[in-house]
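The values are calculated or read from the model by the stated rules, or taken from the named source; none is laboratory data. Model, not experiment: these values are computed from the prediction. Glycine gets a Cβ as well: all are built from the backbone with ideal geometry, and neighbour counts include every protein chain shown.
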Amino acid sequence: MTDAFLAIPATRAGFDEFARLVVELGHGEPLPDPDTWTTQIAPDLVFLACEGACVGYVWVQVMDGVGYVRHVVVDPGRRGQGLGRRLMAIAAERLLANGCTRWELNVKPDNAPALALYRSLGMDFEYPTWVLRLPPEQAGGLPAEDPALRVDELPAERDAELAAAFRVPRGVFAFHRRKPRTRVFTVMRHARPCGLALFDPRIDGCFPFRAADPAVARAAIEALAPHLSSPAAELLLAIERDGAVAEALLALGATLRFRIEHLAGPLVAPASR
Ligand SMILES: CC(C)(COP(=O)(O)OP(=O)(O)OC[C@H]1O[C@@H](n2cnc3c(N)ncnc32)[C@H](O)[C@@H]1OP(=O)(O)O)[C@@H](O)C(=O)NCCC(=O)NCCS
């Protein structure tokens, strides 16, 4: 019996299907423009089609032997029929072929179907992320500025060092730097990195944002404020791992948009799709 499903590499023609399905993630990020999508996302994205209809997609990036599953989405009318598992098998195949031995992703803790799927594929919780919005002035309520702190924009040559210091895959830096107008802010304390903000003006936000303590967060937010799209704009921060900083900002009135769990696991060839 022939398989009715086809894995189709994305091209510009798939942009509208992507736009239709990406909203299912509920992350509220603005859509990239079709040109940016075609050059920066489509090469790593595969659609799943059945009898001429697009029924889902998966977007995966290869990062230093680790595969990062950015999105997996099944058409709302086709869920619960094994297509999410099929898309993850397509992702695994692609990542294994590119030398990855582990894979990782982010998921909201209340997304029971996705969590069950990922856990069944051997992934486990690694660290939490808090996605917050705040007016940057709110950081003035954090502990007073620490004179030992210095905020710098380091060149791409320092990315490997920062990636190791903050345990962020190098590929995250590479992807960020390929996007137009992005900036990499680093907070140093006595020349040691203690804060990181990968700032994307398109979303007025940083994903990820790291700060060793609330004073570091304050220094970073004050440096970011002049780069927001307008004086009234709020800053979006995806604070990875640093719970004390997230709690301090929430106590000052930051809005929690959602929480994320980072899952990771060994990559093994899944059962045939
Ligand atoms: C998550 C998602 C991709 C799963 O796709 P799907 O096609 O419905 O999933 P499948 O039918 O392949 O099921 C795979 C596994 O998911 C889990 N699962 C699926 N639906 C579930 C449900 N309603 N409740 C609990 N677990 C569920 C089960 O573990 C299932 O394995 P099983 O069939 O061996 O029991 C789909 O729900 C989706 O697109 N959601 C919206 C977008 C999204 O949240 N993406 C994930 C972002 S991290």
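Scanning segment 11-34 for residues that are more than 21 Å from Ile260 (Cβ to Cβ), among the charged types (D, E, K, R) and out of contact with any Ser or Thr (no Cβ under 7 Å at 6 or more places or on another chain) returns Asp16, Glu17, Arg20, Asp33.
In segment 142-199, which residues are at pLDDT below 95 and of a type in the set (Val, Ile, Thr)? Val168, Val172, Thr182 - these are the residues of segment 142-199 that are at pLDDT below 95 and of a type in the set (Val, Ile, Thr). Would you tally the residues in segment 95-117 being in contact with a Gly (Cβ under 8 Å, 6 or more places away or on another chain), closer than 23 Å to Arg170 by Cβ and within 13 Å of the ligand (Cβ to nearest atom)? The number of residues fulfilling the criteria is 2.
For Leu154, the test of being outside the structural domain of Ala211 (by TED's automatic domain parsing) and either over 17 Å from Ile260 (Cα atoms) or buried (at least 18 other Cβ atoms within 10 Å of the Cβ) (or both) is failed. The set of residues in segment 118-128 being within 11 Å of the ligand (Cβ to nearest atom), surrounded by fewer than 16 Cβ atoms within 10 Å (Cβ to Cβ) and not hydroxyl-bearing (Ser, Thr, Tyr) consists of Arg119 alone. Taking (1) within 15 Å of the ligand (Cβ to nearest atom); (2) outside any strand (DSSP E or B); (3) among the aliphatic types (A, V, I, L, M); (4) surrounded by 16 or more Cβ atoms within 10 Å (Cβ to Cβ) in turn, Val131 satisfies each apart from (2). A Cβ distance below 8 Å, combined with a sequence gap of six or more or placement on separate chains, defines the contacts here; from segment 166-191, residues that are under 22 Å from Tyr68 (Cβ atoms) reach residues that are polar (S, T, N, Q) in the pairs Gly171/Gln61; Phe175/Gln40; Phe175/Gln61; His176/Thr182; Arg178/Gln40; Lys179/Thr36; Lys179/Gln40; Pro180/Thr36.
Restricting the search to strands (runs of 3 or more DSSP E) fully inside segment 1-96 and requiring at least 2 residues that are in contact with a His (Cβ under 9 Å, 6 or more places away or on another chain) and surrounded by 14 or more Cβ atoms within 10 Å (Cβ to Cβ) gives 53-63.
The single condition among (1) out of contact with any strand residue (DSSP E or B) (no Cβ under 6 Å at 6 or more places or on another chain); (2) in contact (Cβ under 8 Å) with a residue 24 or more places away in the chain that His262 does not meet is (1).
Can you say whether Pro76 is in contact with a strand residue (DSSP E or B) (Cβ under 7 Å, 6 or more places away or on another chain), at pLDDT 95 or above and more than 7 Å from the ligand (Cβ to nearest atom), as far as the supplied structure shows? Judged against the criteria, Pro76 is not a match.
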